[in-house]
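I have placed the structure first, in the form of structure tokens, so that the comments after it can refer back to it.
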Amino acid sequence: MGNALTSLWTSLWTLSAAQLRDRVASTDPTPGGGSVSIVAATLGVASIQKGVTVSLKKSAADVARHHGLLDLSSRASALMVSLSQLADADSLAFQGYLEACALPRTTEEEKASRRAAKEAGLLRATQIPLEAAAEMGRGLEFAEAAARLVDVHVRSEVLAGGVLLRASIKGVLLSVDANLPGISDAAVRNALALQRNELESAATLPEAAAH
């Protein structure tokens, strides 16, 4: 695939909040809804991390709780990194698909090459949102544990993060819904659809942390 678009790529995380907002609102193809959902999920995890970090300040007296909070902090930090990478990867994948769409299609050989490149690009642009949704699901798991362990006055930070994660899973799966019809291999398409449905089901489980 060519690199005319990807060579101009700038990480979403180097933009200011205002720049990111304006890029999303512009006619630029990226960042689209998938990347926006992953960014929102990353901020959701950051909100959970805030509650955990604040609670760690005075948790040493309760050894078990302290170690639980340390574990949650480590998991949240790792998830923020992976989701941040996936937000960029999602935009890059879509730009790669656009590059495939722009390939020449004069000869039969060029048409076949373009078709294959588009298919590969679309598959990649579908796999990344699924990977991101799975990561968000892991965030929901420790959000529930965090809600039980953090100080009462920062519990709302954790719960807000969980709400963002649930919404972001639903949002990023919309990218999968948009891409699936374009994947010609029925077996691959069906496997991706099954994975998508399982991830959505996990996101709609009762919010135990909120009770």
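Candidates in segment 29-70 are the residues that are farther than 24 Å from residue 91 by Cβ and of a type in the set (Gly, Ala, Ser); of these, the one that is surrounded by the most Cβ atoms within 10 Å (Cβ to Cβ) is 51.
From the list 130, 70, 86, which one is in contact (Cβ under 8 Å) with a residue 60 or more places away in the chain and either of a type in the set (Val, Ile, Thr) or not in a loop (DSSP other than H, G, I, E, B) (or both)?
That would be 130, the only listed residue that is in contact (Cβ under 8 Å) with a residue 60 or more places away in the chain and either of a type in the set (Val, Ile, Thr) or not in a loop (DSSP other than H, G, I, E, B) (or both).
Applying the criterion of being of a type in the set (D, E, K, R) and assigned to a helix (DSSP H, G or I) to the residues of segment 173-189, the residue that is surrounded by the most Cβ atoms within 10 Å (Cβ to Cβ) is 189. Every test in (1) touching a Lys or Arg at 6+ places or on another chain (Cβ under 9 Å); (2) modelled with pLDDT of 95 or more; (3) closer than 28 Å to residue 9 by Cβ; (4) not charged (D, E, K, R) is passed by residue 97 save one, and that test is (2). Just give me the residues in segment 14-67 being of a type in the set (Gly, Ala, Ser), under 20 Å from residue 154 (Cα atoms) and at pLDDT 95 or above, in sequence order. Of everything in segment 14-67, those that are of a type in the set (Gly, Ala, Ser), under 20 Å from residue 154 (Cα atoms) and at pLDDT 95 or above turn out to be 40, 41, 44, 46, 47, 51, 55.
Within the bounds of segment 107-125, is there any residue that is closer than 18 Å to residue 199 by Cα and polar (S, T, N, Q)? No, there is no match, as no residue in segment 107-125 is closer than 18 Å to residue 199 by Cα and polar (S, T, N, Q).
Would you check which residues across segment 59-83 are of a type in the set (D, E, K, R) and under 22 Å from residue 43 (Cβ atoms) and list them?
Across segment 59-83, the qualifying residues are 71, 75.
With respect to the conditions (1) at pLDDT 95 or above; (2) under 24 Å from residue 163 (Cβ atoms), residue 127 falls short on a single one, namely (2). When residue 135 is tested against (1) more than 26 Å from residue 51 (Cα to Cα); (2) in a helix (DSSP H, G or I); (3) of a type outside the set (A, V, I, L, M), only condition (1) is not met. Among the residues of segment 153-170, those identified as crowded, with 21+ Cβ neighbours inside 10 Å, within 18 Å of the chain's Cα centre (by Cα) and of a type outside the set (Val, Ile, Thr) are 161, 162, 164, 165, 166, 168.
The values are calculated or read from the model by the stated rules, or taken from the named source; none is laboratory data. Please read all numbers here as calculations on a predicted model, not as lab measurements. Note that each Cβ is placed from the backbone with ideal geometry, even for glycine, and that neighbours are counted across all protein chains shown.
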